[in-house]
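For reference, the structure discussed in these notes is given below.
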Amino acid sequence: MDLISTTPALRDACAKLATQPFVTVDTEFMRETTYYPKLCLIQMAGPDGTAVLVDPLAKDIDLRPFLDLMADEGVVKVFHSARQDLEIIWLMGSLLPQPFFDTQVAAMVCGYGDSVSYEQLVNDLAKAKIDKSSRFTDWSRRPLSEAQLAYALSDVTHLVKIYEVLAGELLRTDRGAWLDEEMAVLTSPETYRADPELAWRRLSGRMRKPREIAVLAEVAAWREREAQSRNVPRGRILKDEAVIDVATSAPRSVEALGRLRTIPAGFERSRTGADILAAVERGFARDLAAISMPERVRGRSGGNGALVELLKVLLKAVCETEGVAPKIIATVDDLEAVAEDDAADVAVLHGWRRSLFGEKALALKHGRLALSAEGGRIVVRDLV
């Protein structure tokens, strides 16, 4: 198992794979000490038995043939749990694979549970076992052992069979369109653009005050820009709990910043401390009327807690009957929105999700549907 380390060898391998109807793809990377992932290995395989390993760390190798293959619309690109792999490809070439297939998403549609692991699918569909001894490899080190290379290659060779089984199941059940929305999110450039101005969203939690959100937005944006410019993890700049602490406490002096338990001693008098205080001031300067509050803070589930719990039971029952993972049908936020508003603009009240579950959820909400337990299972019955 030799690593491809030259551009001509990579070009030849990609040309061969481009003749296949689909190619399975995986990457190995490191990002423990960086903001951006460091690509260390590329694995690809085709249904004809072709399987290759590419060394992106090799001196002078040009990865353009790989990017051209990812852009080839005549070849389906198959990944498992693709988000981080697609982020790497986007950062490499400002492109995203088309057409594209994620076996984790497909497995959820086919009833294999929420966020099903690759190992489980290998066991269940490829009838094989994975040697996990190389799972925690430092993929940036060279040379890689035969065992490490074999482990990496198994991430794409077994994926060939998994894809064939899942694609056949989707065709048999006519559920291919169910994947479209999830695939569209994964292949949207917006998914991978790390906009500092939006960094606050992942930290907003249950913040309910516009002033807290205003300060959070400025501090989180400052931290994101710092992490990007220095290519270090966000936590190396300021930990999440410290960002949240600053947003809720809104310190406006060196002394006030130093009193926060999440700020290391002496940190408040550093250049970084000054930057944090400047961000707080920018937060105070914002027009509170223009602050966009997190959607889930806007009064959801107030007084509807019991109904939301019933909707969760209904969701589980429907998904068990239909053989589909709950995660791909509705989130808790979706259920809270339905409990509050029959016309809520959430995915579960549109398209196939509405037909499968949304209509039943509304019927339960308005007393036209009942749930009962029989033989250890939840039974759904129409009342009218």
**Request:** Using the structure shown, decide if residue 208 is outside any helix (DSSP H, G or I), open to solvent by 30 Å² or more (accessible area, probe 1.4 Å), outside the structural domain of residue 35 (by the TED database) and of a type in the set (D, E, K, R).
**Result:** yes
**Request:** Give me the pairs, please: first residue somewhere in the stretch 221-232 and open to solvent by 30 Å² or more (accessible area, probe 1.4 Å), second residue anywhere and assigned to a helix (DSSP H, G or I) and not basic (Lys, Arg), beta-carbon distance under 7 Å, and either six or more positions apart or on two chains.
**Result:** 225/196; 226/237
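Just one of 64, 31, 11 is modelled with pLDDT under 95 and farther than 24 Å from residue 329 by Cα; which is it? Outline the logic, then answer.
Values: 64 fails: modelled with pLDDT under 95; 11 fails: modelled with pLDDT under 95.
None of the others qualify; the one that does is 31.
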**Message:** Regarding the stretch 84-92, can at least one residue be identified that is open to solvent by 40 Å² or more (accessible area, probe 1.4 Å) and in a loop (DSSP other than H, G, I, E, B)?
**Reply:** no
**Asked** Which one of these is surrounded by 16 or more Cβ atoms within 10 Å (Cβ to Cβ) and without any contact (Cβ under 8 Å) to a residue 40 or more places away in the chain: 65, 56?
**Response** 56
**Only listed residue being within 30 Å of residue 106 (Cα to Cα), open to solvent by 30 Å² or more (accessible area, probe 1.4 Å) and hydrophobic (A, V, I, L, M, F, W, C), chosen from 199, 184, 289** = 184
**Message:** Looking for something out of contact with any Lys or Arg (no Cβ under 8 Å at 6 or more places or on another chain), open to solvent by less than 60 Å² (accessible area, probe 1.4 Å) and polar (S, T, N, Q) - is there at least one such residue anywhere in the stretch 315-329?
**Reply:** no
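Considering the stretch 100-114 alone, what residues qualify as being open to solvent by 20 Å² or more (accessible area, probe 1.4 Å) and either among the hydrophobic types (A, V, I, L, M, F, W, C) or out of contact with any Lys or Arg (no Cβ under 7 Å at 6 or more places or on another chain) (or both)? Spell out the reasoning first.
Taking the stretch 100-114 and keeping what is open to solvent by 20 Å² or more (accessible area, probe 1.4 Å), we get 100-101, 104, 110-114.
If the condition is that a residue be open to solvent by 20 Å² or more (accessible area, probe 1.4 Å) and either among the hydrophobic types (A, V, I, L, M, F, W, C) or out of contact with any Lys or Arg (no Cβ under 7 Å at 6 or more places or on another chain) (or both), then 100, 101, 104, 110, 111, 112, 113 are the ones that fit.
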**Complete:** Taking first residues from the stretch 136-160 that are polar (S, T, N, Q) and second residues anywhere that are surrounded by 22 or more Cβ atoms within 10 Å (Cβ to Cβ) and not in a helix (DSSP H, G or I), the pairs with Cβ under 7 Å that are 6 or more apart or on different chains are 157/45
**Request:** Go over the candidates 187, 173 one by one and state the one that is touching a residue at least 12 places away in the same chain (Cβ under 8 Å), over 24 Å from residue 31 (Cβ atoms) and polar (S, T, N, Q).
**Result:** 173
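The values are calculated or read from the model by the stated rules, or taken from the named source; none is laboratory data. In this text the structure is predicted, and so the values were computed from the model without any measurement. Using ideal geometry, Cβ is built from the backbone for each residue, glycine included, and neighbour counts are taken over all protein chains shown. All accessible areas refer to the heavy atoms of the entire protein, side chains included, with ligands and DNA or RNA removed. Shrake-Rupley method; radii C 1.70, N 1.55, O 1.52, S 1.80 Å.
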